[in-house]
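The values are calculated or read from the model by the stated rules, or taken from the named source; none is laboratory data. Since the structure is predicted, the reported quantities are computational estimates derived from the model, not experimental observations. Here Cβ is always computed from backbone atoms with ideal geometry, including for glycine, and neighbour counts include all displayed protein chains. Protein only, heavy atoms only, side chains kept; ligands, DNA and RNA dropped before computing areas. Shrake-Rupley method; radii C 1.70, N 1.55, O 1.52, S 1.80 Å.
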Amino acid sequence: VARRRRRRMDAFAALMGGRAAPRADGEDPNLLFYKGSIASEPEGAKVDEIHRSWRGDFRRLELHHGYIQWLFPVFENAGMNWRSSPLTKEGAATIRASEVCSRRVLESYRLMLHFYGLVLVDAKTGAVARDPDAAHAAERLENLHERAHNWLRISRIITSLGELGFARYKKPLVAALRKEVEAGTLADAAESCER
């Protein structure tokens, strides 16, 4: 019965524009996720579990398309995952103000940088560089080069960083990616990078 009810609710949400329904208590689900109170959906996990056990699970990070909206929420519609919700201004402000939530956002960023073969060199300035493990960096950058949907993820990450109070990380990420484009590693992404 519960499954049938959930399927009906999911179908209704899809008909209503692909957006998750607001919670009855009014709390931003993105805030609850970053507090560690709820798991990402569908087929996701709580934020600390994602950080702990998904790091290095490149197949999961590549093929699972529902987690990125939870790790990097934005004010706009949830995009490809209608089980996630747009970030609210109040939710963003609370995440920014919480040391624990902010630390988790930073760990989400590090997780995705690792997935792309990059590292955060300086948390203050936001400087980003290739992962010092040359083989790992080459493999992950090649994956980024071959799988264009990751550029949409990167656009979302950049937007979310700004909305969550980490705007200082945006330019260094774009600069690191531009450097890879200019070096030819990500040559096919030149247009994407410019946009």
*Can you run down the residue pairs with Cβ atoms below 7 Å, 6 or more apart or on separate chains, where the first is in the range 147-167 and modelled with pLDDT of 95 or more and the partner is open to solvent by 50 Å² or more (accessible area, probe 1.4 Å) and among the small types (Gly, Ala, Ser)?*
Leu161/Ala167
*What number of residues within the range 53-72 satisfy the criterion of being among the basic types (Lys, Arg) and either under 12 Å from the mean Cα position of the chain (by Cα) or not in a loop (DSSP other than H, G, I, E, B) (or both)?*
2
*Give me a count of the residues in the range 168-178 that are touching a residue at least 40 places away in the same chain (Cβ under 8 Å) and over 21 Å from Arg104 (Cα atoms).*
2
*Scan the range 111-133 for residues that are within 23 Å of Tyr34 (Cβ to Cβ), of a type outside the set (Val, Ile, Thr) and crowded, with 16+ Cβ neighbours inside 10 Å and jot them down.*
Leu111, Met112, Leu113, His114, Phe115, Tyr116, Leu118, Leu120, Gly126
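To keep it simple, each residue is scored yes or no on (1) under 20 Å from Trp54 (Cα atoms); (2) of a type in the set (Gly, Ala, Ser).
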{"position": "Ala123", "(1), (2)": "no, yes"}
{"position": "Val128", "(1), (2)": "no, no"}
{"position": "Asp133", "(1), (2)": "yes, no"}
{"position": "Leu144", "(1), (2)": "yes, no"}
{"position": "Arg153", "(1), (2)": "yes, no"}
*If only one of Gly56, Gly91, Gly66 is of a type outside the set (Phe, Trp, Tyr), open to solvent by 20 Å² or more (accessible area, probe 1.4 Å) and in contact (Cβ under 8 Å) with a residue 12 or more places away in the chain, which one is it?*
Gly56
*Kindly list the number of the only condition in (1) surrounded by fewer than 16 Cβ atoms within 10 Å (Cβ to Cβ); (2) closer than 16 Å to Ile154 by Cβ; (3) β-branched (Val, Ile, Thr) that fails for Val100.*
(2)
*For residues that are in a loop (DSSP other than H, G, I, E, B), in contact with a helix residue (DSSP H, G or I) (Cβ under 7 Å, 6 or more places away or on another chain) and modelled with pLDDT of 90 or more, tally how many sit in the range 1-43.*
4
*Within the range 44-53, is there a residue that is at pLDDT below 95, more than 15 Å from His149 (Cα to Cα) and open to solvent by less than 40 Å² (accessible area, probe 1.4 Å)?*
yes
*Flag if Glu76 is surrounded by fewer than 16 Cβ atoms within 10 Å (Cβ to Cβ) and under 23 Å from Arg168 (Cβ atoms)*: yes
